[in-house]
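Written out below as structure tokens is the structure these notes cover.
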Amino acid sequence: MSGAAPAPAPGGDAAPPPAVRLVRVCRDFGAGEGRVRALDDVTLEVPAGQCVAVLGRSGSGKSTLLNLVAGIDRPTSGEVWVAGRALAALDDDALTRLRRETVGTVYQFFNLLPTLSARENVALPALLAGGREREVLARADALLEEVGLAHRRHARPHTLSGGEMQRVALARALVHRPAVILADEPTGNLDTRSAAQVLALLAALGRGHGATVLLVTHSEEAAAIASRRVEMRDGRIVSDRPRP
């Protein structure tokens with residue numbers, strides 16, 4: 001597998017690389033008769049700045065795809081690129097830096113640290129990446145303002161509602177100015193009203209911060225925020241089209 005960058009477009013300046021690029025990716029789990037193919041020859045390109053929803057039932061391969069893009073897992077075969085970088089060329093330390101500097105992730109279960117305030121949870125990824133504390137905390141405050149939680153910045157997660165915790169998680173995903181936001185069923189634990197608020201914020205923040213959004217969901221309501229929908233079944237992409 002080559003670590004070289006994609007070839008420039010013929011004539012003129014090189015086209016910017018896709019924010020996310022998968023080329024004939026397969027991912028197998030197990031071995032022998034127990035082997036399961038979770039992704040089967042998946043090719044996908046997501047241009048910078050686009051919001052894409054990846055839909056499918058449980059077991060369709062959508063979460064496996066997200067883990068490969070995040071560099072948490074590696075493909076059995078094929079190539080995965082993020083922000084112009086071939087993940088196969090990166091060792092574990094470089095993948096960790098990629099996640100800290102280039103990718104922001106929003107999870108279904110929030111994953112906030114219970115002993116930290118909302119402000120400290122938002123700031124943590126940028127501090128781990130080596131940001132200056134004063135600047136990072138100021139950015140955390142600004143992001144909490146954007147998600148409507150400036151008044152809750154000193155609150156611990158156990159005092160926040162599910163919708164508030166997910167808004168903190170959105171702010172955290174943006175604190176290090178990522179090129180790509182990966183959202184894994186971000187409204188799966190929320191009531192209808194909170195889910196709608198979080199989805200609207202995810203779309204608006206992605207646009208406002210110039211980030212590419214890759215949203216994995218089984219929900220048609222969640223997919224409605226995206227400009228493009230990719231449907232998966234049995235590890236394959238079966239449909240890829242702009243939102244109607």
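Since every read-out is calculated from the coordinates, none of them should be taken as a lab result. Keep in mind it's a predicted model, so treat the numbers as computed, not measured. Cβ: placed from backbone, ideal geometry, glycine included. Neighbour counts: every protein chain shown.
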### Query
Which Rg and Dmax, in Å, describe the Cα atoms of segment 20-242?
17.3, 56
### Task
Report, in order of residue number, the helices in the chain meeting two criteria: a C-alpha extent of 18 Å or more along the helix axis, and a mean Kyte-Doolittle hydropathy of at least -0.5; treat each whole DSSP H run as one helix.
133-146, 162-174, 192-208
### Summary
For the chain, percent of DSSP beta bridges that are antiparallel (nearest 5) comes out at 55
### Message
About the Cα centre, and with charges only on the beta carbon of Lys, Arg (+1) and Asp, Glu (-1), how big is the dipole of the chain? Nearest 20 debye, please.
### Response
320
### Task
With only alpha-carbon atoms counted, please give the Rg and Dmax of segment 63-135, in Å.
14.2, 43
### Task
Counting helices only, and only those DSSP H runs with n ≥ 4, report the 222 nm mean residue ellipticity of the chain as the sum of -39,500 (n - 2.57) divided by its residues, in deg cm²/dmol to the nearest 500.
-9500 deg cm²/dmol
### Message
Can you give the local net charge around S60? Use residues other than it whose beta-carbon is closer than 10 angstrom to its beta-carbon, Lys and Arg +1, Asp and Glu -1.
### Response
+2
## Note on the structure
segment 72-204: spread of alpha-carbon positions along the three principal axes, whole Å, largest first, is 45, 36, 26
### Query
Distance from the Cα centre of segment 155-219 to that of segment 91-149, in angstrom?
13
### Message
Testing the spin-label approximation: label points 7 Å from Cα along Cα→Cβ at A138 and I72. State their distance in nm.
### Response
3.4
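Considering Cα pairs under 8 angstrom that are at least six residues apart, work out the relative contact order of segment 20-242 and quote it in whole percent. Mind dumping the intermediate values first?
Values: 443 pairs, mean separation 66.8, N = 223.
It comes to 30 percent, rounded to a whole number.
Note down the net charge around D40, summing +1 for each Lys or Arg and -1 for each Asp or Glu among other residues with Cβ under 14 Å from its Cβ.
On the way: positive: R24, R27, R35, R37, K62, R233, R236; negative: D28, D41, D234.
Overall, the nearby charge balance is +4.
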